[in-house]
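Everything on this sheet refers to the single structure shown next.
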Amino acid sequence: MWGDVAYRVWLPGRDAVVRAREKDLVSLGSVQPTVEHVLHTAAAARLLDALEDNLLLAPVQSSVVPLPHQLYALNRAMARHRIRYLLADEVGLGKTIEAGLILRELKLRGMAKRILVVAPKGLVRQWQAEMRLHFGESFQFVEPAELSAFRQWRSDEENLWRLHDQVICSLDSVKPLDGRRGWTLEQLSTYNRERFENLISASWDLVIIDEAHRMGGSTDQVARYKLGAALAEAAPYLLLLSATPHQGKTDQFHRLMQLLDRDSFPDESSVTRDRVRPFVIRTEKRAAIDGEGRPLFKPRMTRLHPVAWQGRHAAQRRLYEAITEYVRHGYNQALAAKQRHVGFLMILMQRLVTSSTGAIRATLEKRLALLNQPQLQPSLFETADVDEWAELDGQAQVDLAVEARGWQTEKAEVEVLLELARSTEAQGTDAKAETLLDLIYKLQQEDADPQLKVLVFTEFVPTQTMLAALLETRGFSVATLNGGMDLEARTRAQQAFARDVRILVSTDAGGEGLNLQFCHVIVNFDMPWNPMRVEQRIGRVDRIGQPHVVRAINLVLEDTVEHRVREVLEAKLAVIAEEFGVDKAADVMDSVEADGLFDELFVHGLQNPDAIEAECNAVASHLRSAVAESRRNVDLLAGNQELDAEGARKWRDHPAQFWLERAITTGLPGKGGAATKDGDTWRLRWVDGSETVGACFDARTAASRPDVEWVTLEDARARAVVAELPRCVDGQPLPVVEVGGLPDTVRGVWSLWQIGLSAEGFGRRRFLAVFVTDEGRTFMPTARRIWDLLVTERIRLVGLSSEKVPGRRFQDSKRAAAANGEQVFAELAEEHAARIREERDRACHAYEVRYQAIGRIGLPSVREYRRRRLRAEHETRMARLDAAEIRVPDLHSVLMLRVGSPAGDAS
């Protein structure tokens, strides 16, 4: 045209037609293949094929070698296109690790970048620590209370939740508020916008909610459920974690399942085993095995250790009795005045006096200082959310509750008690502290180990301070952990305990997230009233990988209400555990929800010691019903998996990382980049011009070398190099290669074919190797073997065949690929059809249930309008699925080689 020649060129790989000038085109015959091109195509196709065949990258590209049940969870999660699951393993099986593996898998496949974790406040540190330790993933903790202060440095329109791609926040800090005493509508609106609305609209790819059963709520109007429902709609991928998802409340469990898929669970009748099972991944402890096929958990020994009062402890005993009387009086005052916050303070005072004299003295001093203020204002505690309060550890509760307004005569009572506490403390060591020292010496003798490590738990920081000082004066090396320490200080303390420190004294908040398998002795110096919380403490050492039988010793003062209640209660809990075949009630009950039950039990015991047996019977009856209901619902959640130890072991030396290294380092030069070996690392220049100096492809090297950069498929630049494969078409030269490890007698044409299925919104591909001998016979096992050698051995390009690809060789190979690839395509087509059937089933089930629900509307005009709208939505959805059923096959070659030169062929 007008003196210029131009072409319209079809690019099949991109499904596009482009215009090109004649001078920019060359003939197919002039395209010279290279060894790098062969290696890149063979390795990239191998990796892509493995990914389509459900290759799991996360076990290969992290420091975790999954246990069989964790590998099962990852396999299950990635087997479906809808990655929305309830991870419901029993307590202690590592649901956080399972979520981390799925998170890594999505990132490595390029399916997720922005990730939000929502967890109870007490578990935030654990999430941060485990993600960093096991997966090298950093999560930014965002405290919404700080957003307002940060806002002054940013634009008012900016969504501050977008500043980090991986965020963790506490559950109750971001739930919406309908109102708050003394707040204007503007204040409420600002609060909800910054904490809730901006969070939801921050474009998350994956949302993970820990302790997700708390999202069920008592109704769909509860703030936590509103938060859960909004988060569920905010991201395509959703993981809910809960060991106790069904606690006998079908309506709550139904709301939980609705978060995963509203269409599959439109009403409570939809909660059936068949409908629930595809969304739930669950392993029970009794089925869990280690990498060698052995049971994962060892038995444990737990015993109550009563501490007798000696004559020298008379002052401490008087203090205990005086505080108990103060608590009885204060609790009754709280009941009469309906002052919930004073009741909570009294519960804490009773727990403090059984912890240590130092703990009750320090708290009485704070209490008196506040009561001396001219006019005590309502504290944040008095307006605090009950759910948030229950999730705090004992020390954090004390710090809030001590500010509560008291009753008229309390100041005088506290002054007397404080004087008694000070004089008691001056008289010497507490009874339990003396017992702890004797116990440690005895345990060292029993274990014949003078370096025996012991983990000591207390609820309160003053008790921790006292114990650390006492133990150090007796020559013990001591480390401490509490909720006031940052992540770095916590890590240092844990590492010191792992190395040479013999005793770790921790508060409950300090113990969150600890993995202390190297210690097997734990002493609960004081005990939370809720026995489920004691189990959480023991769980710090009774973990996956613990080589010893765990010994847990629970100290309790003799001849006290706490001792009598604990003695009766533990006997009844043991009967329930044996009756239902569970390790302990904590395996089936949420500790936070059980707090109120046990608080009430101990308070009633204080008020009426003669009724302790009856009160314990009532609590045991309640627990028995809860456990029975939970066991009845196990069948609803149970899977039928067979755990495979050998399958878990194979990931340790999987070649996927080697395939990736070969595909990238050989593929970059042909795509405009470069790869240069530099010692044991690579210098990479990517297609976009960016560079990586000191690149490696091995997880072990990356873990031991802070100076190298670990390259994985998580990097979009790496994915682009692997994903874009060329086409081999008629007219291209046929390279002749020598393949290391292949006998000289193997002669013929080897080719690699891509089998594709395309449909509306759907695409899959697999790869098939074909080998056709010079005699025209097809050998598929030989083809697979040659492919293996191409990605592992050295190859040499010895020339070009005098044969032309468009001739008989190409047609023979294509016929062989078509014949052997038909079954591969049939499997892709069946997977596609199954997906469409699943979507149709969900859509039809949701339509039928909603149609019936609309029928219950009284007004005929409203009823008919809503049904018309529902029908229209359903027809549109069905039309989309009809279009998606039309699938188109594709078969084309990406690589073709002559292996061994025929007689007389040019080289």
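Hey, can you tell me all the residues within region 706-733 that are in contact with a helix residue (DSSP H, G or I) (Cβ under 9 Å, 6 or more places away or on another chain), within 17 Å of residue 137 (Cβ to Cβ) and assigned to a loop (DSSP other than H, G, I, E, B)?
711, 712, 713, 714, listed by residue number.
Could we say that residue 670 is closer than 20 Å to residue 790 by Cα, surrounded by fewer than 16 Cβ atoms within 10 Å (Cβ to Cβ) and at pLDDT below 95 here?
For residue 670, the condition - closer than 20 Å to residue 790 by Cα, surrounded by fewer than 16 Cβ atoms within 10 Å (Cβ to Cβ) and at pLDDT below 95 - is met.
Can you tell me which residue within region 426-450, out of those that are out of contact with any helix residue (DSSP H, G or I) (no Cβ under 8 Å at 6 or more places or on another chain) and part of a loop (DSSP other than H, G, I, E, B), is nearest to residue 524 (Cα to Cα)?
Going through the qualifying residues, I end up with 447.
Of everything in region 388-425, what is of a type outside the set (Gly, Ala, Ser), within 16 Å of residue 528 (Cβ to Cβ), part of a helix (DSSP H, G or I) and in contact with an Asp or Glu (Cβ under 7 Å, 6 or more places away or on another chain)? Give them in sequence order.
395
If I ask for residues that are of a type in the set (A, V, I, L, M, F, W, C), at pLDDT 85 or above and part of a helix (DSSP H, G or I), which ones from region 148-198 would you list?
161, 163, 171, 185, 188, 196
List the number of the failed condition for residue 93; all other conditions in (1) closer than 30 Å to residue 665 by Cβ; (2) modelled with pLDDT under 90; (3) among the hydrophobic types (A, V, I, L, M, F, W, C) hold.
(1)
What residue, among those in region 682-707 that are among the polar types (S, T, N, Q) and within 32 Å of the chain's Cα centre (by Cα), is nearest to residue 791 (Cα to Cα)?
Filtering region 682-707 for residues that are among the polar types (S, T, N, Q) and within 32 Å of the chain's Cα centre (by Cα), the one nearest to residue 791 (Cα to Cα) comes out as 701.
For residue 259, state whether it is at pLDDT 90 or above, buried (at least 20 other Cβ atoms within 10 Å of the Cβ) and not in a helix (DSSP H, G or I).
For residue 259, the condition - at pLDDT 90 or above, buried (at least 20 other Cβ atoms within 10 Å of the Cβ) and not in a helix (DSSP H, G or I) - is not met.
Of (1) assigned to a strand (DSSP E or B); (2) in contact with a helix residue (DSSP H, G or I) (Cβ under 6 Å, 6 or more places away or on another chain); (3) over 27 Å from residue 493 (Cβ atoms), residue 117 satisfies all except one. Which?
The number of the failed condition is (3).
Can you pull out the residues in region 853-867 that are free of Cβ contacts under 8 Å to residues at least 12 places away in the same chain, assigned to a helix (DSSP H, G or I) and surrounded by 12 or more Cβ atoms within 10 Å (Cβ to Cβ)?
Across region 853-867, the qualifying residues are 863, 864, 865.
Name the single residue, out of those in region 691-721 being closer than 21 Å to residue 56 by Cβ and hydroxyl-bearing (Ser, Thr, Tyr), that is surrounded by the most Cβ atoms within 10 Å (Cβ to Cβ).
If we take residues in region 691-721 being closer than 21 Å to residue 56 by Cβ and hydroxyl-bearing (Ser, Thr, Tyr), then 712 is surrounded by the most Cβ atoms within 10 Å (Cβ to Cβ).
Are there any helices (runs of 4 or more DSSP H) wholly within region 491-583 with 2 or more residues that are within 26 Å of residue 620 (Cα to Cα), and if so which?
Ranges flagged: 531-538, 561-580.
Give the residue that is farthest from residue 260 (Cα to Cα), with candidates limited to residues of region 66-90 that are touching a Ser or Thr at 6+ places or on another chain (Cβ under 8 Å) and part of a loop (DSSP other than H, G, I, E, B).
This residue is 90.
Within region 584-612, which residues are acidic (Asp, Glu), at pLDDT 85 or above and over 16 Å from residue 559 (Cα atoms)?
Result: 599, 600.
Quick check on my filter: what residues within region 828-877 are in contact with a helix residue (DSSP H, G or I) (Cβ under 8 Å, 6 or more places away or on another chain) and among the hydroxyl-bearing types (Ser, Thr, Tyr)?
Hits for region 828-877 are 847, 851.
Can you tell me which of 118, 124 is crowded, with 22+ Cβ neighbours inside 10 Å, under 17 Å from residue 207 (Cβ atoms) and modelled with pLDDT under 90?
Criteria check complete, one pass: 124.
Which one of 457, 497 is over 30 Å from residue 570 (Cα atoms), crowded, with 21+ Cβ neighbours inside 10 Å and either of a type in the set (Lys, Arg) or modelled with pLDDT of 90 or more (or both)?
Within the list 457, 497, the selection yields 497.
Inspect region 391-410 for any residue being more than 37 Å from the chain's Cα centre (by Cα), surrounded by fewer than 19 Cβ atoms within 10 Å (Cβ to Cβ), of a type in the set (Val, Ile, Thr) and modelled with pLDDT under 85 and give the result as yes or no.
The answer is yes, given that some residue of region 391-410 is more than 37 Å from the chain's Cα centre (by Cα), surrounded by fewer than 19 Cβ atoms within 10 Å (Cβ to Cβ), of a type in the set (Val, Ile, Thr) and modelled with pLDDT under 85.
Filtering region 302-337 down to residues that are out of contact with any His (no Cβ under 7 Å at 6 or more places or on another chain) and not in a helix (DSSP H, G or I), which residue is farthest from residue 422 (Cα to Cα)?
Selected residue: 302.
Please work out if residue 787 is under 39 Å from the mean Cα position of the chain (by Cα), crowded, with 16+ Cβ neighbours inside 10 Å and in a strand (DSSP E or B).
Working: under 39 Å from the mean Cα position of the chain (by Cα): yes; crowded, with 16+ Cβ neighbours inside 10 Å: yes; in a strand (DSSP E or B): no.
When the stated conditions are applied, residue 787 does not pass them.
Kindly indicate whether residue 870 is surrounded by 14 or more Cβ atoms within 10 Å (Cβ to Cβ) and either among the aromatic types (Phe, Trp, Tyr) or under 36 Å from the mean Cα position of the chain (by Cα) (or both).
Against the criterion (surrounded by 14 or more Cβ atoms within 10 Å (Cβ to Cβ) and either among the aromatic types (Phe, Trp, Tyr) or under 36 Å from the mean Cα position of the chain (by Cα) (or both)), residue 870 does not qualify.
For region 657-675, which positions are among the hydrophobic types (A, V, I, L, M, F, W, C) and under 15 Å from residue 794 (Cα atoms)?
Answer for region 657-675, where residues must be among the hydrophobic types (A, V, I, L, M, F, W, C) and under 15 Å from residue 794 (Cα atoms): 658, 659, 663.
Within region 421-430, work out how many residues are surrounded by fewer than 20 Cβ atoms within 10 Å (Cβ to Cβ), on the phi < 0 side of the Ramachandran plot and either among the small types (Gly, Ala, Ser) or touching a residue at least 60 places away in the same chain (Cβ under 8 Å) (or both).
Summing the residues that are surrounded by fewer than 20 Cβ atoms within 10 Å (Cβ to Cβ), on the phi < 0 side of the Ramachandran plot and either among the small types (Gly, Ala, Ser) or touching a residue at least 60 places away in the same chain (Cβ under 8 Å) (or both) in region 421-430 gives 4.
Within the set of pairs 6+ apart or on separate chains, which have a first residue in region 745-768 that is within 22 Å of residue 783 (Cα to Cα), a second that is surrounded by fewer than 17 Cβ atoms within 10 Å (Cβ to Cβ) and of a type in the set (A, V, I, L, M, F, W, C), and C-beta atoms under 7 Å apart?
Close Cβ pairs satisfying both conditions: 753/891; 755/891.
When residue 458 is evaluated against the numbered criteria (1) on the phi > 0 side of the Ramachandran plot; (2) in contact with a helix residue (DSSP H, G or I) (Cβ under 6 Å, 6 or more places away or on another chain), which criterion, by number, is the only one it fails?
(1)
Out of (1) among the hydrophobic types (A, V, I, L, M, F, W, C); (2) modelled with pLDDT of 90 or more; (3) touching a strand residue (DSSP E or B) at 6+ places or on another chain (Cβ under 8 Å), the odd one out for residue 43 is which?
(3)
Among the residues of region 45-65, what is the count of those that are assigned to a helix (DSSP H, G or I), of a type in the set (A, V, I, L, M) and under 30 Å from the mean Cα position of the chain (by Cα)?
4
The values are calculated or read from the model by the stated rules, or taken from the named source; none is laboratory data. Fair warning: this is a prediction, and the values are worked out from it, not measured in the lab. Heads up, the Cβs are rebuilt from the backbone with ideal geometry, glycines too, and the neighbour counts pull from every protein chain shown.
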